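The values are calculated or read from the model by the stated rules, or taken from the named source; none is laboratory data. The shown structure was predicted, so the numbers you read here are calculated from the model rather than taken from an experiment. Here the Cβ positions follow ideal geometry from the backbone for every residue, glycine too, while neighbour counts run over all protein chains shown. All accessible areas refer to the heavy atoms of the entire protein, side chains included, with ligands and DNA or RNA removed. Shrake-Rupley method; radii C 1.70, N 1.55, O 1.52, S 1.80 Å.
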Number of protein chains: 2
Amino acid sequence: MKVFIVFAHPESQSLNGALLRTTVEELETQGHEVRVSDLYAMQWKSQVDRADFPHLSSDVRLKVAYASAEATTSNSLTGDVKLEQEKLLWADTVIFHFPLWWMGMPAILKGWFERVYSLGFGYGLGEYNDMKWGDRYGEGKMQGKRAFVVVTAGGWREHFSARGISGPIDDLLFPINHGLLYYTGFEVLPSFIVYQADRLNEAAFKSTADELRQRLRTLSATNPIGYRPQNGGDYEIPALTLKLGLGGASDSGFSLHSV
Amino acid sequence: MKVFIVFAHPESQSLNGALLRTTVEELETQGHEVRVSDLYAMQWKSQVDRADFPHLSSDVRLKVAYASAEATTSNSLTGDVKLEQEKLLWADTVIFHFPLWWMGMPAILKGWFERVYSLGFGYGLGEYNDMKWGDRYGEGKMQGKRAFVVVTAGGWREHFSARGISGPIDDLLFPINHGLLYYTGFEVLPSFIVYQADRLNEAAFKSTADELRQRLRTLSATNPIGYRPQNGGDYEIPALTLKLGLGGASDSGFSLHSV
């Protein structure tokens, strides 16, 4: 496999850093090719702004989507963004390693998506008509590739359980797994979560690392989350609402969108 | 009222910029005091990293929570962060104006929370014992203040409806409204959402601006979202799961946490 890892933690001597090294070592031991983007170490620019579109005249209003489409088409995206896009195209598997901060990914990783998912690469692909609504949610440039997240959370497993106050972890990760990864065509594997990350002792780290290695050894046999393709017949187009009768007992919410 | 507005869009000549001006003008017309943090214009630093803790020796491992606690206690947070904390303490109402990008807030605003919500300001307050689990979710430094978000989305209203492919908008905003705003004690007012933001013509903008002004005139009469206080008896402590029998028909998900 060709595995691209995006890592978003400011400290290499952290639990996240140790998990990253576990992943890299295990994959290389298996003979896979591995490339890593360590966003903090790269001093990745964390937000999309006018500097991302150097060809845009300074007196022109910045419309991010239009500027992004223009820069993608004319091959004038900045070098750092182009390199990340090349890594995504090179890989067959992409792993995101990050801590859950304030119920979501770190800002630097959010900004990675804002910049790397340019119009014409991450969105705005394919036809929009009565039968389909662009190459999205199951289709797109990442189709045929697999991705998943390795996440550490400070809170307890119970806090992120079905009735936990933080909300179920799979719901908190839905905007990432479905809205960002499945959106561009990735098959999304189940998330790997570590709870109480600030209090992991040596024994707990060892068993966590073992579990992670086991996941990495069985990647090709792991079933992806069963998200419904947008253009596969389950959704009204262009309303993009799940057709009535589908989705079982629930009549609302994220869980409707997987089988 | 004293209103603090946090604005996160790179272009003042955008729909978001026009909505910001609508908010400021309407509030000032009503005689309220208004302060604005325009994050892009301020060149706000978008991610938390070692530079946020200048007192931390360069050979010491960065543990964000510990460094943040130390900097808060010793009053050595960076000047930009201290100023934002002062604005939060000054205000009685806080409004966040931003576009929904990739199902969440812009990276620059996520980084604002990561940096401004320091340990000892945004979290890690109050006692942790069998009866309560810190001052959080209904308690905290923002108790007695109100907050809400004004959000633009490129997608259609249907895409964000109960059965829409993006997920219900209130679920997408739950990690912000509940996990960030209610967490620090804010009473959270219903979100103000503008759909198909890229295609708003003049008439649609006018009616949207009118609706926003109407919201701003009736703020004090608007009921907050009925989130359940963490320490009010509805949750098991320390599991922080909603007690059985509460939450109506649903046995899982974000909706359990409001009445």
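Quick look at the values:
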| quantity | calculated |
| --- | --- |
| Residue satisfying all of: in the range A:67-79; over 23 Å from the mean Cα position of the chain (by Cα) and outside any helix (DSSP H, G or I); farthest from residue A:21 (Cα to Cα) among these | A:74 |
| Of all residues making up the range B:49-66, the number that are under 23 Å from residue A:104 (Cα atoms) and either part of a helix (DSSP H, G or I) or touching a helix residue (DSSP H, G or I) at 6+ places or on another chain (Cβ under 7 Å) (or both) | 8 |
| Selection count, the range B:219-259, where residues are among the β-branched types (Val, Ile, Thr), open to solvent by 30 Å² or more (accessible area, probe 1.4 Å) and within 19 Å of residue B:176 (Cβ to Cβ) | 1 |
| Where residue B:89 falls short, out of the listed (1) assigned to a loop (DSSP other than H, G, I, E, B); (2) surrounded by fewer than 20 Cβ atoms within 10 Å (Cβ to Cβ); (3) within 16 Å of the chain's Cα centre (by Cα) | (1) |
| Criterion (within 11 Å of chain A (Cβ to nearest Cβ) and modelled with pLDDT of 95 or more) met by exactly one of B:71, B:18, B:51, B:91 | B:51 |
| Answer residue from the range B:100-119, given it is aliphatic (A, V, I, L, M) and assigned to a loop (DSSP other than H, G, I, E, B) and is nearest to the chain's Cα centre (by Cα) among those | B:105 |
| Condition met for residue A:212 (assigned to a loop (DSSP other than H, G, I, E, B) and either away from chain B (no Cβ under 11 Å) or open to solvent by 70 Å² or more (accessible area, probe 1.4 Å) (or both)) | no |
| Residues satisfying the stated conditions in the range B:21-45, i.e. polar (S, T, N, Q) and within 14 Å of chain A (Cβ to nearest Cβ) | B:43 |
| Odd one out for residue B:76 among (1) free of Cβ contacts under 8 Å to residues at least 60 places away in the same chain; (2) touching a Pro at 6+ places or on another chain (Cβ under 9 Å); (3) open to solvent by 20 Å² or more (accessible area, probe 1.4 Å) | (3) |
| Members of the range A:54-66 found to be over 21 Å from residue A:86 (Cβ atoms) and either more than 10 Å from chain B (Cβ to nearest Cβ) or within 22 Å of the chain's Cα centre (by Cα) (or both), listed by number | A:56, A:57, A:58, A:59, A:64, A:65 |
| Per-region count, the range A:144-184, residues among the hydrophobic types (A, V, I, L, M, F, W, C), assigned to a loop (DSSP other than H, G, I, E, B), facing chain B (nearest Cβ under 8 Å) and open to solvent by less than 10 Å² (accessible area, probe 1.4 Å) | 1 |
| Of all residues in the range A:219-251 being at pLDDT below 95 and among the polar types (S, T, N, Q), the one that is nearest to the chain's Cα centre (by Cα) | A:220 |
| Unmet requirement for residue B:141, which otherwise passes all of (1) touching a helix residue (DSSP H, G or I) at 6+ places or on another chain (Cβ under 9 Å); (2) basic (Lys, Arg); (3) within 14 Å of chain A (Cβ to nearest Cβ) | (3) |
| Matching residues, the range A:120-143, being outside any loop (DSSP other than H, G, I, E, B) and either open to solvent by less than 50 Å² (accessible area, probe 1.4 Å) or touching a strand residue (DSSP E or B) at 6+ places or on another chain (Cβ under 9 Å) (or both) | A:133 |
| Residues (assigned to a loop (DSSP other than H, G, I, E, B), open to solvent by 20 Å² or more (accessible area, probe 1.4 Å) and not charged (D, E, K, R)) located in the range A:19-48 | A:30, A:31, A:32, A:40, A:41, A:42, A:43, A:47 |
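For (1) under 15 Å from the mean Cα position of the chain (by Cα); (2) under 16 Å from residue B:254 (Cβ atoms), each residue gets a yes or a no:
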residue	(1), (2)
A:130	no, no
A:145	yes, no
A:149	yes, no
A:166	no, yes
A:170	yes, yes
A:174	yes, yes
A:178	yes, yes
A:183	yes, no
A:189	yes, no
